[in-house]
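Have a look at the structure below before the remarks.
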Amino acid sequence: MRFTEQETALLLLLLHNKDNSYYDLLLNKLQQNEYIKGRLLHQLYDALLDAQVVFNDERDTMLVSLLKRIKFKATPR
């Protein structure tokens, strides 16, 4: 799954303080605008669910739609 520049900026903002090898790899892939799939995508979904952030309406809407897209892609079929 690839992300737009706005989505990438939001994800980098939310993941900047995580300390784990998965998060380091995620941050690297996001900064390089690489495709994210599988276990990394699932870890990203979990990290976003764990993040307790409050944004304005525009970012909140973007975060909710992003979570829905990631959940769809991260869920095994």
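The values are calculated or read from the model by the stated rules, or taken from the named source; none is laboratory data. All values derive from a computational prediction rather than experimental measurement. A quick note on method: Cβ atoms are made from the backbone with ideal geometry, for glycine too, and the neighbour counts reach across all protein chains shown. Ligands, DNA and RNA are excluded from the accessible area calculation, which covers all protein heavy atoms including side chains. Shrake-Rupley method; radii C 1.70, N 1.55, O 1.52, S 1.80 Å.
Does any residue in the range 49-61 that is closer than 16 Å to LYS71 by Cβ come within less than 7 Å, Cβ to Cβ, of a residue that is outside any loop (DSSP other than H, G, I, E, B) and at pLDDT 75 or above six or more places away or on a different chain, and which pairs are these?
Listed pairs, sorted by first residue: ALA51/LEU14.
Take the conditions open to solvent by less than 50 Å² (accessible area, probe 1.4 Å) and farther than 21 Å from PHE72 by Cβ and apply them to TYR45. Does it pass?
no
Mind listing just one residue for me: the one in the range 17-42 that is part of a helix (DSSP H, G or I) and open to solvent by less than 40 Å² (accessible area, probe 1.4 Å) and, of those, nearest to GLU7 (Cα to Cα)?
Ranking the candidates gives LEU30 first.
Hey, could you check the range 62-77 for residues that are without any contact (Cβ under 8 Å) to a residue 40 or more places away in the chain, among the hydrophobic types (A, V, I, L, M, F, W, C) and surrounded by fewer than 17 Cβ atoms within 10 Å (Cβ to Cβ) and say which is farthest from HIS16 (Cα to Cα)?
Here the residue is PHE72.
Suppose the filter is of a type in the set (A, V, I, L, M, F, W, C) and open to solvent by 60 Å² or more (accessible area, probe 1.4 Å); does LEU13 pass it?
yes
Looking only at the range 1-16, which residues are of a type in the set (S, T, N, Q) and not in a loop (DSSP other than H, G, I, E, B)?
Selection gives GLN6, THR8.
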